[in-house]
Amino acid sequence: MNVIAMSVRRAFALPLLLLACSAASAAPPAVTAIKAAHLLDVRSGALVDNAVVLVSGERITAAGSRLAIPDGAQVIDLGNKTLLPGLIDMHTHLTGDPQDAGYSIIAKSIPRITLTGAKNARLTLQAGFTTVRDVGADGYADIGLRDAINDGDVPGPRIAASGPPLSITGGHCDDTMHAPEYKQTALGVADGVAEALKVTRRNIKYGADVIKICATGGVLSFGDDPRTSQYTLEELKAIIGDAHRLGRKAAAHAHGGDGIKLAVLAGIDSIEHGSYIDDEGIKLMKEHKTWLVPTVYLGDWLIDNAEAIKLPPPLLEKARVVLPTARLNIARAIKAGVPVAFGTDAGVYPHGLNAREFGTLVKLGMTPIQAIRAATLNASELLGWTDKVGTIEAGKFADLIAVDGEPLKDVKTLESVRWVMKGGAVVNQ
Ligand SMILES: [Zn+2]
């Protein structure tokens, strides 16, 4: 169809569409009332007893203690359980599985990893994570997955997707395992200000909600050092400035102290991992109110399962040094009061085990309510989605989970989520 014919058709189709919408919205949506023994108010940290949450369509209309249930409402009685807002993971790789950390990834096509993503989206949602920020996927697979979930084709969490992460040539997010004759370069590779701007804009063109930058070396890449910075301040300023101007936030993978500081000075919204953060970095992040997204549990799983997933020896060697060091430094950053949002790097370990991060955060000095806030209130702030998710309040999406036991006493209860609702629909467990 030519462009003129298309726009003529659109001009005719639009009034019909508006009519159809107003007809559909005329019928009052059914009300669902969810009852549970307790509800965790993540803002105050208090438990509300005899909780009732009223849901109409996709949204919460009221929440509180002993609310009157309207006539004709569908009632879901969760008995002795505790309701919490749907959890948010700010650092996933849905299109990846742990065994992809080795050479086997070379044989996997973009269509294949996209279907891996569909499987992992379902597991993530069933584990109680109703929203994720997916930071780095080949071939825009994460963006296709996000759209398929939004269209109702496959079950999964709400996704803020980055598309291919920006990387210098040979950097952590380039394809570093190929011999030169394969001439393999990752889609997000961009060197210098001009290329970096081009790739930032291209990612946004193809649907990126957030710009992911690999600012330092990493663990699961060949030939680079996690402690060294990769992008220059000038490049970082260009990428982040453009992302912000175009209404996107930016997240930096950064282990080394220098790379952390450069990204913070360039205006980054979140530092991912933060393994070698030093006192100066801690001070800067507090001054700039930059979020830290530590991903600390993964070390336990990766080192225990390195052989099973055939992790190449040079990568295991790095993991053995970086991951224990990260815990010491993250504990210092938590103690110093750097703002923290919850992230896991799921994909490096199996999706669905995301909640294991809570226990590690508590071991490193957070209280249970601080850890839960990191995965609800704080994460919604970092996403810029405080009007949509993160609390159980009127107007927000009805994204809810229920657990047995007392999450404020034992965050491990969050590893066994018993019931999940996303956008007013109960998720099959
Ligand atoms: Zn990651």
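The values are calculated or read from the model by the stated rules, or taken from the named source; none is laboratory data. All values derive from a computational prediction rather than experimental measurement. FYI the Cβ positions are ideal-geometry reconstructions off the backbone, even for glycines, and counts take in every protein chain you see.
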Candidate set from the range 285-311 (those that are in contact (Cβ under 8 Å) with a residue 24 or more places away in the chain and assigned to a helix (DSSP H, G or I)); member that is farthest from HIS255 (Cα to Cα): ASN305
Any residue at all in the range 218-232 that's within 16 Å of the ligand (Cβ to nearest atom) and assigned to a helix (DSSP H, G or I)? no
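Could you tell me whether the range 336-350 includes any residue that is within 21 Å of LYS409 (Cβ to Cβ) and either more than 16 Å from the ligand (Cβ to nearest atom) or at pLDDT 95 or above (or both)?
First pass over the range 336-350, keeping only residues within 21 Å of LYS409 (Cβ to Cβ): 340, 342.
Within this subset, residues satisfying the condition of being either more than 16 Å from the ligand (Cβ to nearest atom) or at pLDDT 95 or above (or both) are 340, 342.
Among the residues of the range 336-350, at least one is within 21 Å of LYS409 (Cβ to Cβ) and either more than 16 Å from the ligand (Cβ to nearest atom) or at pLDDT 95 or above (or both), which makes the answer yes.
From the residues in the range 249-277 that are in a helix (DSSP H, G or I), touching a residue at least 24 places away in the same chain (Cβ under 8 Å) and not aliphatic (A, V, I, L, M), which one is nearest to the ligand (Cβ to nearest atom)? So that I can check it myself, show each step before the final result.
If we filter the range 249-277 for residues that are in a helix (DSSP H, G or I), which is where we start, we get 257-265.
Now drop any that are not touching a residue at least 24 places away in the same chain (Cβ under 8 Å), which leaves 257-260, 262-265.
This time we only want the ones that are not aliphatic (A, V, I, L, M), so: 257-259.
Numbers: GLY257: 19, ASP258: 20, GLY259: 15 Å.
Top of the filtered list is GLY259.
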So which residues in the range 113-131 are within 16 Å of the ligand (Cβ to nearest atom), more than 15 Å from SER162 (Cβ to Cβ) and in contact with a strand residue (DSSP E or B) (Cβ under 9 Å, 6 or more places away or on another chain), if there are any at all? ASN120, THR124, PHE129
Tell me yes or no: at least one residue of the range 93-100 is within 16 Å of the ligand (Cβ to nearest atom) and among the hydroxyl-bearing types (Ser, Thr, Tyr). yes
For the range 351-387, give me each residue that is within 15 Å of the chain's Cα centre (by Cα), in a loop (DSSP other than H, G, I, E, B) and in contact (Cβ under 8 Å) with a residue 12 or more places away in the chain. HIS351, GLY352, LEU353, ASN354, ALA355, ALA375, THR376, GLY384, TRP385
Those residues of the range 177-200 which are over 19 Å from TYR140 (Cα atoms) and assigned to a loop (DSSP other than H, G, I, E, B) amount to MET177, HIS178, ALA179, LYS183, ASP191
The correct count of residues that are buried (at least 24 other Cβ atoms within 10 Å of the Cβ) and either on the phi > 0 side of the Ramachandran plot or of a type in the set (S, T, N, Q) (or both) in the range 208-238 is 2
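Looking at this structure, is ASP134 touching a residue at least 24 places away in the same chain (Cβ under 8 Å), buried (at least 24 other Cβ atoms within 10 Å of the Cβ), within 16 Å of the ligand (Cβ to nearest atom) and charged (D, E, K, R)?
Working: touching a residue at least 24 places away in the same chain (Cβ under 8 Å): yes; buried (at least 24 other Cβ atoms within 10 Å of the Cβ): yes; within 16 Å of the ligand (Cβ to nearest atom): yes; charged (D, E, K, R): yes.
Answer is yes for this residue.
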If TYR140 passes every condition in (1) farther than 24 Å from ALA243 by Cα; (2) surrounded by fewer than 24 Cβ atoms within 10 Å (Cβ to Cβ) but one, which one does it miss? (1)
Exception for LEU328 within (1) among the hydrophobic types (A, V, I, L, M, F, W, C); (2) in a helix (DSSP H, G or I); (3) more than 16 Å from the ligand (Cβ to nearest atom); (4) surrounded by 15 or more Cβ atoms within 10 Å (Cβ to Cβ) falls at (4)
